[in-house]
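Taking it in order: structure first as C-alpha cells, then the write-up.
What follows is calculated from the coordinates using simple rules that are stated; it is not laboratory data. All of these numbers come straight from a predicted model, not from anything done at the bench.
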Amino acid sequence: MIGHNPATNMLKLAMDSQLADFQKRIGYERDLNSVLSEVCINYNLGNFIGFKPLLVGYEDFNLILTSMKGKFFVKMFVTS
C-alpha cells in the first residue's frame with residue numbers, strides 16, 4: 001500500500017485507546033462528535049470542526065474543541 005506507515009497506524013491506535021479510557025472515566029462512551037456539535041450550537045460557537053483530548057485532569061475529561069469561530073477549552077465531568 002502506498003503511503004502506509006506502520007508507526008502512524010500504531011500512534012492512531014494508541015490515541016484511540018487513550019480516548020476510550022478518558023470517555024470511560026467520565027461515563028460517556030458514545031460518539032463525542034455529536035455531543036460536541038451540540039456544545040457548539042448551545043454556546044453559539046459556529047460549526048463543529050473537531051477536537052483534541054488533553055492529557056490532564058483527574059476525574060474529568062478536558063479537550064480543545066475547534067469550531068468555525070476558533071478553539072475553545074471544554075471540560076466534561078464524571079456523571080456518577
Next on the checklist: Can you compute 3J(HN,Hα) from phi for each residue in region 21-28, using the Karplus curve 6.51 cos²θ - 1.76 cosθ + 1.60 with θ = phi - 60°, rounded to whole Hz and x for Gly and Pro?
Outcome noted: 5, 5, 5, 4, 4, 9, x, 10
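Kirkwood Rh over alpha-carbon pairs of region 27-72, then Stokes-Einstein at 20 °C and 1.002 mPa s: what D in µm² s⁻¹, rounded to an integer?
Values: Rh = 11.1 Å.
Stokes-Einstein gives a translational diffusion coefficient of 193 µm²/s.
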Checklist outcome for this item: The answer for residue 49, listing residues at least 5 apart or on another chain whose modeled amide H is closer than 5 Å to its amide H, is 66, 67, 68
